[in-house]
1. Just to verify a result, which residue in region 82-121, among those that are of a type in the set (Asp, Glu) and assigned to a strand (DSSP E or B), is modelled with the highest pLDDT?
2. Out of everything in region 198-222 that is touching a residue at least 40 places away in the same chain (Cβ under 8 Å) and part of a strand (DSSP E or B), what residue ends up being farthest from Thr181 (Cα to Cα)?
3. So in region 190-225, with the set limited to residues that are surrounded by fewer than 14 Cβ atoms within 10 Å (Cβ to Cβ) and of a type in the set (Ser, Thr, Tyr), which one is nearest to Val164 (Cα to Cα)?
4. When you scan region 14-30, do you find a residue that is surrounded by 11 or more Cβ atoms within 10 Å (Cβ to Cβ), part of a strand (DSSP E or B) and in contact (Cβ under 8 Å) with a residue 12 or more places away in the chain, even just one?
5. In region 106-134, how many are buried (at least 19 other Cβ atoms within 10 Å of the Cβ) and farther than 20 Å from Asn86 by Cα?
6. Leu65 - would you say it is modelled with pLDDT under 90, over 30 Å from Arg22 (Cβ atoms) and assigned to a strand (DSSP E or B)?
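The values are calculated or read from the model by the stated rules, or taken from the named source; none is laboratory data. Quantities reported herein were computed from a predicted structural model and do not represent experimental measurements. Quick reminder, even Gly has a Cβ in these numbers, built from the backbone with ideal geometry, and neighbours come from all protein chains shown.
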Amino acid sequence: VGAGVVVYSDKGLSASTKYGYRVRAKNTAGVSDASPMKVATTQAISQTALAAPSNLAVKPTPMALTLTWLDNSPDETGFEISRSVNNETSWEVIKADLAANTTEFVDKNVRPTFMYYYRVRGFKGGTFSNYTSVVGANGPVITATNVGRNQTETLVYPNPASDVVYITPPNGTLATYQLLTVAGKVVSSSIVEQQSPISLTGLETGTYLLKIHQSDEKVVTIKLFKQ
């Protein structure tokens, strides 16, 4: 620096980092001894609070629960979705890395009529926003009228069931079923087509096994809960 200068600004440094400095003078006769070293730490970068999403809503849709919310942050990295069955201690993250600017999520891993609670928060790097308010909804009541036409898997609904359960094989196929106790005793059996009803009247409350033999030789075994 020039003669007479007593202030110098060192720019382009890393945040939260220690740097050491010493100064010496020079003229045509030579260079002086250096001053004692002084150490200083640069300031941390200020983290602006991430705006939390809001207006969380949950509604039943065929075979799932659909979540929607308002994205209030212009620069989040993504969203995290948590779910609980009691709105107390059972919270679990069901989607940890939903893309930025997303405002909808479909939870297909739900059981009909069961109550689920949800909350959503945004994140940017390692910084998280506050959660939305908690919103709850019951899993969809599945009926024969809301099964998709492009079905590729055997569907059993509702489950749990009280008086009747429907079996819907993949489109255009037939199947046979066996309803068994957990001990392996056959309770009923028959051929099923699209949306075939199975009566549960007279059966004791509990868990049963529904074994379905599809026409493509695939065997599907499903736990059926009788209410």
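1. If we take residues in region 82-121 being of a type in the set (Asp, Glu) and assigned to a strand (DSSP E or B), then Glu104 is modelled with the highest pLDDT.
2. Across region 198-222, the extreme among qualifying residues is Gln214.
3. Within region 190-225, the first condition is being surrounded by fewer than 14 Cβ atoms within 10 Å (Cβ to Cβ), and the residues that meet it are 190-191, 193, 197, 199, 201-202, 204-207, 215-217, 219, 221, 223.
From what is left, the residues that are of a type in the set (Ser, Thr, Tyr) are 190, 199, 201, 205, 207, 215, 221.
Working: Ser190: 15, Ser199: 5, Thr201: 7, Thr205: 13, Thr207: 14, Ser215: 23, Thr221: 18 Å.
Checking each candidate, the answer is Ser199.
4. Within region 14-30, one or more residues are surrounded by 11 or more Cβ atoms within 10 Å (Cβ to Cβ), part of a strand (DSSP E or B) and in contact (Cβ under 8 Å) with a residue 12 or more places away in the chain.
5. Here the count works out to 3.
6. Values: modelled with pLDDT under 90: yes; over 30 Å from Arg22 (Cβ atoms): yes; assigned to a strand (DSSP E or B): yes.
Yes; evaluated as a whole, the condition is true for this residue.
Table: residues versus (1) closer than 21 Å to Thr102 by Cβ; (2) of a type in the set (S, T, N, Q); (3) more than 44 Å from the chain's Cα centre (by Cα).
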position	(1), (2), (3)
Gly2	no, no, yes
Tyr19	no, no, no
Arg22	no, no, yes
Asn27	no, yes, yes
Leu70	yes, no, no
